[in-house]
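Heads up: the structure comes next, in structure tokens.
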Number of protein chains: 2
Amino acid sequence: MAISRSVFFVSDGTGITAETLGHSLLAQFQGLSVQQSRVPFVDDTDKAHDAVARINTAAIRDGSRPIVFMSVVRPEVSAVLREANAFFIDVLESFIGPLEVELGIKSTHTSGRFKGLAESQDYRRRIEAINFSLSHDDGMSHKELNTADLILVGVSRSGKTPTSLYLAMQYGVKAANYPLIPEDFERNQLPVELNKYRHKLFGLTIAPERLAAIREERRPNSTYSSLANCRQEVESAQKLMKREGIRWLDSSTKSIEEIAATILQTIKIELPGFQG
Amino acid sequence: MAISRSVFFVSDGTGITAETLGHSLLAQFQGLSVQQSRVPFVDDTDKAHDAVARINTAAIRDGSRPIVFMSVVRPEVSAVLREANAFFIDVLESFIGPLEVELGIKSTHTSGRFKGLAESQDYRRRIEAINFSLSHDDGMSHKELNTADLILVGVSRSGKTPTSLYLAMQYGVKAANYPLIPEDFERNQLPVELNKYRHKLFGLTIAPERLAAIREERRPNSTYSSLANCRQEVESAQKLMKREGIRWLDSSTKSIEEIAATILQTIKIELPGFQG
């Protein structure tokens, strides 16, 4: 029997922390079906009262109390929220106390992951990386490839563009990407522009069947999307990457997040320090 | 006095959940300085032993035990990890028990937020949205604007592109973006292509000083980047948006995440259902 619940992500910031953790937890329950609502920027008691009203309305409508993932720093705001008829998962408060003891300092109870972040060095790095990835998408420019952290290579539609953008956005990694095309396979050599950046190259490959399906959506009934052509391109690309000693992974059954985390692990780009 | 600690994000998946929550928590402690390490894909006891060795090495080097944010589903793997000399924040296990009681069902103890996700509808929606945002960046195409969830407008470099991409990547929202340019201001009218999509428009504005600084990095000493020109463009854009009744926000001091969450709240794009 399917179990159904309303779920709220309530936060004094964007709600990304509550939502990320909430999804990880909810994914552990098979057969659970949920109706999700985001309630961001609940940073005063008035907004908390509004949130309580929404939660209580859902409780009455559903005939069961909603699950509330709560990420709110100010105690007077969370106190209001706790008046709602709900089951609470307090994603910050559960750990702040133990961390205070461990570190021997008090938390500031200031809100939000991104407070002041727009001006921070880490944030600037991410924005720069996004601009870099966009201007170095699909071999668009060879300029400044020397400043790239990483250059993704692979056949058209193997997942290079979304992976580059995700690496930039989530991790501030400057990832260019460069297509491997039939001309490269005929010569059985890398595009000449990439020769001096061999140590930065990382390949993506993909199952020919999946590639054909993806290409078919873009150019139906074309040679480009035919299974025979996809097979040949993928095989040639793998042969080329093997010959050139390029590390690669298969993107067929991996999410962008998994591809990105795997690449970072392999090329060992270290995380920057963090100042609280 | 600054307190310094090593921090590890250990996960059987990508580690995004542990890292997101970890950053929110660490941001609560002013004066804390940390050295971060990601240890993803720890899904068997061998990898767990490797992780323990890394953590213990840091403990000896630092002379203090590291903080480990742990997101691991299989009990035999987390049992090994707990042998490390560290302070643990178990981001899943802390809440799984209470949730099991609340829902009246057992968790599956299967790992990872993204298991099977690459094939899921939600994931396909996000990939489609990324492709849509890329092909509708900077007014590049008017085709299929009818299928956009949202069209961002604003002067060049007001933050439209990264915001569109973030909305696509994080939320699966199909966001196009369209520049407002001097010709539009002379006519004091929206680009004609946008007239029939007025209900989907959302504006970004920015402080002229900040805009000038951003533009200066791209085209130093140009009219384009001069403060006088930025002032005039921003003023004209705001006048136009006001006249046309377009909702807008100021991106100057907001992160992309905050801009995206604010826009979603305003235009009320609902979250899809979720099946565990």
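The values are calculated or read from the model by the stated rules, or taken from the named source; none is laboratory data. Remember, predicted model here, so these are calculated numbers, not experimental data. We place every Cβ from the backbone using ideal geometry, glycine too, and count neighbours over all the protein chains shown.
Just a few scattered comments:
One line per residue, one yes/no per condition, for (1) crowded, with 17+ Cβ neighbours inside 10 Å; (2) facing chain B (nearest Cβ under 7 Å); (3) over 29 Å from the mean Cα position of the chain (by Cα); (4) within 26 Å of B:Ile105 (Cα to Cα):
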{"residue": "A:Ser37", "(1), (2), (3), (4)": "yes, yes, no, yes"}
{"residue": "A:Ala51", "(1), (2), (3), (4)": "yes, no, no, no"}
{"residue": "A:Ala58", "(1), (2), (3), (4)": "yes, no, yes, yes"}
{"residue": "A:Met70", "(1), (2), (3), (4)": "yes, no, no, yes"}
{"residue": "A:Ser78", "(1), (2), (3), (4)": "yes, no, no, no"}
{"residue": "A:Ser107", "(1), (2), (3), (4)": "yes, yes, no, no"}
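- Residues that are surrounded by fewer than 24 Cβ atoms within 10 Å (Cβ to Cβ) and assigned to a helix (DSSP H, G or I), drawn from the range B:167-177: B:Met169, B:Gln170, B:Tyr171
- Given (1) free of Cβ contacts under 8 Å to residues at least 12 places away in the same chain; (2) of a type in the set (S, T, N, Q); (3) not in a loop (DSSP other than H, G, I, E, B), index of the condition B:Thr108 fails: (3)
- The range B:39-49, residues that are over 21 Å from the mean Cα position of the chain (by Cα) and crowded, with 23+ Cβ neighbours inside 10 Å: B:Val42, B:Ala48
- Unique residue being assigned to a loop (DSSP other than H, G, I, E, B) and away from chain B (no Cβ under 12 Å) when the list is A:Tyr224, A:Tyr197: A:Tyr224
- The range A:185-211: number of residues that are surrounded by fewer than 21 Cβ atoms within 10 Å (Cβ to Cβ) and either aromatic (Phe, Trp, Tyr) or out of contact with any strand residue (DSSP E or B) (no Cβ under 6 Å at 6 or more places or on another chain) (or both): 18
- Residue within the range A:141-164 that is surrounded by fewer than 20 Cβ atoms within 10 Å (Cβ to Cβ), among the hydrophobic types (A, V, I, L, M, F, W, C), in a helix (DSSP H, G or I) and in contact (Cβ under 8 Å) with a residue 12 or more places away in the chain present: yes
For every residue, the table says whether it meets (1) farther than 30 Å from A:Gln121 by Cβ; (2) more than 14 Å from chain B (Cβ to nearest Cβ); (3) modelled with pLDDT under 95; (4) not in a helix (DSSP H, G or I).
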{"site": "A:Cys230", "(1), (2), (3), (4)": "yes, yes, no, no"}
{"site": "A:Glu235", "(1), (2), (3), (4)": "yes, yes, no, no"}
{"site": "A:Arg243", "(1), (2), (3), (4)": "yes, yes, yes, no"}
{"site": "A:Ile269", "(1), (2), (3), (4)": "no, no, yes, yes"}
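- For the range A:6-33, a tally of residues being surrounded by fewer than 22 Cβ atoms within 10 Å (Cβ to Cβ) and assigned to a strand (DSSP E or B) returns 3.
- Of the residues A:Leu134, A:Leu99, A:Leu103, the single one that is at the interface with another protein chain (Cβ under 10 Å from one of its Cβ atoms) and in contact (Cβ under 8 Å) with a residue 12 or more places away in the chain is A:Leu134.
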